[in-house]
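The values are calculated or read from the model by the stated rules, or taken from the named source; none is laboratory data. In this text, all values refer to a predicted model and were calculated from it rather than measured experimentally. Ideal geometry is used to build each Cβ from the backbone, glycine not excepted, and the neighbour counts take in all protein chains shown.
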Amino acid sequence: MKCARNDTFSSGRLNPYGNIELSPSSGVLNYGQGVFEGLKAYRKPDGCGFLLFRPVENAARMQTGAERMCMPSPSADQFIDAVKETVSANRRWVPPQGKGSLYIRPLLMGSGSVLGLAPAPEYTFLVYAAPVGNYFKARLEGLAAINLVVEDEVHRATPGGTGGVKTITNYAPVLRAQLQAKRNGFTDILYVDPVKKKYLEEASSSNIFIVKGNVISTPATQGTILPGITRGSIIDIASDSGYLVEERLVSIEDLIDADEVFCTGTAVVLSPVLSVTYHGQRFEYRTGAETVSQRLYKSLTNIQMGLAEDTKDWTVEV
Ligand code: PMP
């Protein structure tokens, strides 16, 4: 990853950003024993201080993932304090309001030495950060506009696996498919369930929603889909705004029949989908100023950037 020079929180203190020492026989290098999080700090409108969006949820998701990967995890307070320290130490890198954010990456891994297959005896928790602009470069009315392709041969998660938590190994199976999709001119892949190959799961690093009339649907997480924090926030915001929101099995037919489709995630925020290609057929969706996606995007980012009242206590000041 290309990174600005910044300070990294590791082993309970701030260190200059740089390489870390790791045993060749560490659990993370040999058995993929690691979980991570991604969150963003936005500059407040007055320019003084920053806002983190729902870091308590990131701490909780790391704890669930750590348990799945047989690791102890930092408490919510330790997690949030480390994130705050990293943001403060990197305040000079946070882009001006509206121009981007500081992306923060907490990482927990089995750093102890282990030769036979077993959890490592020691762990490392670190947090690093990098300034980021928009995740997807193609824009439409200020929002990213993306073209997805449905992949039903390669799967990112299987029932009983680790798809429901944010392990580092979840991303390895999709690297090649993702590269191929990009070479073929698509922005990202939409994965389907590995059994019937009929129900939507999620994109490579975001959750998926479809809109039909006043109804907004997203796949129920069911262990193979990451319960995105942005996903949960959009479900709440959309319900509060009077839409009927359903978490259910969403089929390819539902997708084809939708008025609008959008992806959500910390990096992608809320990105409207222009088209989805399925078995060579391209389906297009409504985009632009008067869409549900645009309305929800505004409501979400106004809270994240401190431009609207945070009635749900989602933001934490640094
Ligand atoms: N699914 C996957 C596979 C992801 O990597 C992410 C990004 N963390 C998401 C969904 C969206 O999650 P969140 O809204 O918490 O960023």
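Mind listing whichever residues of region 156-177 are touching a Lys or Arg at 6+ places or on another chain (Cβ under 9 Å) and either among the β-branched types (Val, Ile, Thr) or surrounded by 15 or more Cβ atoms within 10 Å (Cβ to Cβ) (or both)?
Thr162, Gly163, Gly164, Val165, Lys166, Thr167, Asn170, Pro173, Val174, Ala177
If you check Leu274, Leu307, which single one turns out to be aliphatic (A, V, I, L, M), more than 16 Å from Lys212 (Cβ to Cβ) and assigned to a strand (DSSP E or B)?
So the residue among Leu274, Leu307 that is aliphatic (A, V, I, L, M), more than 16 Å from Lys212 (Cβ to Cβ) and assigned to a strand (DSSP E or B) is Leu274.
If you go through region 178-219, how many residues are farther than 18 Å from Gly164 by Cα, buried (at least 21 other Cβ atoms within 10 Å of the Cβ) and over 15 Å from the mean Cα position of the chain (by Cα)?
So the answer is 6.
What's the total number of residues in region 180-193 that are charged (D, E, K, R) and more than 15 Å from the ligand (Cβ to nearest atom)?
Going through region 180-193 one residue at a time, the tally reaches 2.
Is it the case that some residue within region 125-143 is more than 13 Å from the ligand (Cβ to nearest atom), assigned to a helix (DSSP H, G or I), of a type in the set (S, T, N, Q) and out of contact with any helix residue (DSSP H, G or I) (no Cβ under 9 Å at 6 or more places or on another chain)?
no
Looking only at region 237-258, which residues are more than 15 Å from the ligand (Cβ to nearest atom), of a type outside the set (A, V, I, L, M, F, W, C) and under 18 Å from Ser206 (Cα atoms)?
Listed by number, the residues that qualify are Glu246, Arg248, Ser251.
Can you work out which of the residues in region 194-211 that are in a strand (DSSP E or B) and closer than 17 Å to Ile237 by Cβ is farthest from the ligand (Cβ to nearest atom)? I'd like the intermediate steps shown before the answer.
Restricting attention to region 194-211, the residues satisfying the condition of being in a strand (DSSP E or B) are 199-203, 207-211.
Narrowing the set further to residues that are closer than 17 Å to Ile237 by Cβ leaves 207-211.
Details: Asn207: 5, Ile208: 9, Phe209: 12, Ile210: 16, Val211: 18 Å.
Ranking the candidates gives Val211 first.
May I ask you to say which residue of Met71, Met62 is assigned by TED's automatic domain parsing to the domain that holds Asn30 and within 21 Å of the chain's Cα centre (by Cα)?
Matching residue, one of Met71, Met62: Met62.
Scan region 86-98 for residues that are closer than 16 Å to Cys48 by Cα and in a helix (DSSP H, G or I) and report the count.
So in region 86-98, the residues closer than 16 Å to Cys48 by Cα come out as 87-98.
Now narrow it down to the ones that are in a helix (DSSP H, G or I): 87-89, 91-93.
The number of residues fulfilling the criteria is 6.
Tell me whether region 53-61 contains one or more residues that are within 13 Å of the ligand (Cβ to nearest atom) and over 16 Å from Thr315 (Cα atoms).
yes
Just a yes or no: is a residue in region 217-224 out of contact with any Asp or Glu (no Cβ under 6 Å at 6 or more places or on another chain), away from the ligand (no atom under 13 Å from the Cβ) and under 11 Å from Thr264 (Cβ atoms)?
No, every residue in region 217-224 fails to be out of contact with any Asp or Glu (no Cβ under 6 Å at 6 or more places or on another chain), away from the ligand (no atom under 13 Å from the Cβ) and under 11 Å from Thr264 (Cβ atoms).
Could we say that Arg286 is assigned to a strand (DSSP E or B), surrounded by fewer than 22 Cβ atoms within 10 Å (Cβ to Cβ), away from the ligand (no atom under 11 Å from the Cβ) and more than 23 Å from the chain's Cα centre (by Cα) here?
no
Kindly check whether there is at least one residue in region 259-280 that is among the aromatic types (Phe, Trp, Tyr), within 16 Å of the ligand (Cβ to nearest atom) and either surrounded by 18 or more Cβ atoms within 10 Å (Cβ to Cβ) or more than 25 Å from Leu51 (Cα to Cα) (or both).
Yes, because at least one residue in region 259-280 is among the aromatic types (Phe, Trp, Tyr), within 16 Å of the ligand (Cβ to nearest atom) and either surrounded by 18 or more Cβ atoms within 10 Å (Cβ to Cβ) or more than 25 Å from Leu51 (Cα to Cα) (or both).
Output yes when any residue across region 156-171 is in the same structural domain as Glu260 (by TED's automatic domain parsing) and on the phi > 0 side of the Ramachandran plot, and no when none is.
Filtering region 156-171 for residues in the same structural domain as Glu260 (by TED's automatic domain parsing) gives 156-171.
Checking which are on the phi > 0 side of the Ramachandran plot leaves us with 160.
For region 156-171, residues in the same structural domain as Glu260 (by TED's automatic domain parsing) and on the phi > 0 side of the Ramachandran plot: present.
Residues are listed down the side, and each one gets a yes or a no for (1) buried (at least 22 other Cβ atoms within 10 Å of the Cβ); (2) assigned to a helix (DSSP H, G or I):
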position	(1), (2)
Asp46	no, no
Leu52	yes, no
Val56	no, yes
Leu107	no, no
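Just to be sure I understand, how many residues within region 64-77 are assigned to a helix (DSSP H, G or I) and touching a residue at least 12 places away in the same chain (Cβ under 8 Å)?
Residues of region 64-77 that are assigned to a helix (DSSP H, G or I), as a first pass: 64-68, 76-77.
Checking which are touching a residue at least 12 places away in the same chain (Cβ under 8 Å) leaves us with 64-66, 68, 76.
Residues flagged as assigned to a helix (DSSP H, G or I) and touching a residue at least 12 places away in the same chain (Cβ under 8 Å) within region 64-77 amount to 5.
Out of all the residues in region 20-32, is one or more touching a helix residue (DSSP H, G or I) at 6+ places or on another chain (Cβ under 6 Å) and modelled with pLDDT of 95 or more? Walk me through it before giving the result.
Applying the first criterion (touching a helix residue (DSSP H, G or I) at 6+ places or on another chain (Cβ under 6 Å)) to region 20-32 yields 32.
When the remaining residues are screened for being modelled with pLDDT of 95 or more, the result is 32.
Checked against the condition, which is being touching a helix residue (DSSP H, G or I) at 6+ places or on another chain (Cβ under 6 Å) and modelled with pLDDT of 95 or more, region 20-32 yields at least one hit.
Pairs only if they're at least six apart or on different chains, beta carbon under 9 angstrom, first in region 272-289 and free of Cβ contacts under 8 Å to residues at least 24 places away in the same chain, second surrounded by fewer than 17 Cβ atoms within 10 Å (Cβ to Cβ); list them, first residue then second.
Qualifying pairs under 9 Å: Gln281/Ile256.
Residue pairs, Cβ under 8 Å, 6 or more apart or interchain, first in region 225-236 and near the ligand (Cβ under 6 Å from one of its atoms), second among the aromatic types (Phe, Trp, Tyr) and outside any helix (DSSP H, G or I). List them.
Cβ pairs passing all conditions: Ile229/Phe53; Arg231/Phe209.
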